């Protein structure tokens, strides 16, 4: 059976066209394959450079931290030597003042007849408070001087750490560790991106973000170090003030308890009358107040610890 002429012509015309499409498709596949190979090579090179940069940075900062740790240690040594002098001067002042106060208390035992002298007792109470307050102020002043010197030492160490961090970050910047890498993206060949190329681009974008976060963790302590150190110093100042507020409140109670104990011992030694019931009630009340003061400041410290945990978390998050 002979094929119709029209059908034969149609087939003849169609064959070259189909052959041409087949060649174009093969060429496109080859181009895409070569492009994929190039992208993979670029990715391998990039990852190799990142590994080298990370290793170099770790080695550099390891030596850098060792160097500045030694400098900070020398500052601490000088500070500790200085504190020996401050503590010795403070202790000498306290000894002088306490000895004078003790003489006043002993006088009551030497002259037991004065135990019935209301004026003498009030004078003793006044003198005890005066000398006790003097001792407290000497201790507080010495502690304040020591605290200020300690903060001064911390600030000087922080200056060294700032210098160290700047050197580390300069090195990281030169190595490209502080910047986001450009993603190696597949570009359309032929009619557009294949599904495989689209997946490549998505993975590449995610990997770029992952690499950036990894580098941020590597640089972390050098990025947030200055802010964290200043935050720690601010907290030390707050804690010092809080501690001496507590000591001040306890000081008044301790002074009163010392006075009543002195009266009780003097009365017992002299065989005189003493309202033991009133003494026991007052002593119980003072112990109660002591416990309440400790509870109040423990509550403040506990709340501060919780809040500071979150504050520190905010500081050390990726910058």
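Bear in mind these aren't lab numbers, they're just calculated from the coordinates by the rules spelled out. Quick caveat, the model's predicted, so the values are computed rather than measured. Neighbour counts are summed over all protein chains in view; Cβ atoms, including those assigned to glycine, are modelled from backbone coordinates with ideal geometry.
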For the ranges 75-87, 123-135, what's the packing order if you count other beta-carbon atoms within 10 Å of each residue, average per peptide, and put the highest first?
123-135, 75-87
Contact order normalised by length for segment 46-316, with contacts defined as Cα pairs under 8 Å and 6 or more residues apart; what percent is it?
22 percent
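Once R0 is set to 41 Å, what does the formula 1/(1 + (r/R0)^6) return for the Cβ-Cβ distance between residue 298 and residue 182, expressed as a FRET efficiency to the nearest 0.05?
Working: r = 54 Å, r/R0 = 1.33.
The value I calculate is 0.15.
Express the C-alpha Rg of segment 46-316 as a ratio against the empirical globular expectation 2.2 N^0.38 Å, rounded to two decimals.
On the way: Rg = 32.2 Å, N = 271, 2.2 N^0.38 = 18.5 Å.
Here the Cα radius of gyration is 1.74 times the empirical estimate.
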Want the number for residue 279 to residue 28: 0.36 nm per residue separation, take away the alpha-carbon distance, what's left?
80.1 nm
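Starting from 0.36 nm per residue, how many nanometres of slack lie between residue 77 and residue 313 once their C-alpha separation is accounted for? Don't skip to the end; give the middle numbers.
On the way: separation 236, 0.36 × 236 = 84.96 nm, distance 3.14 nm.
Net length gain for the segment: 81.8 nm.
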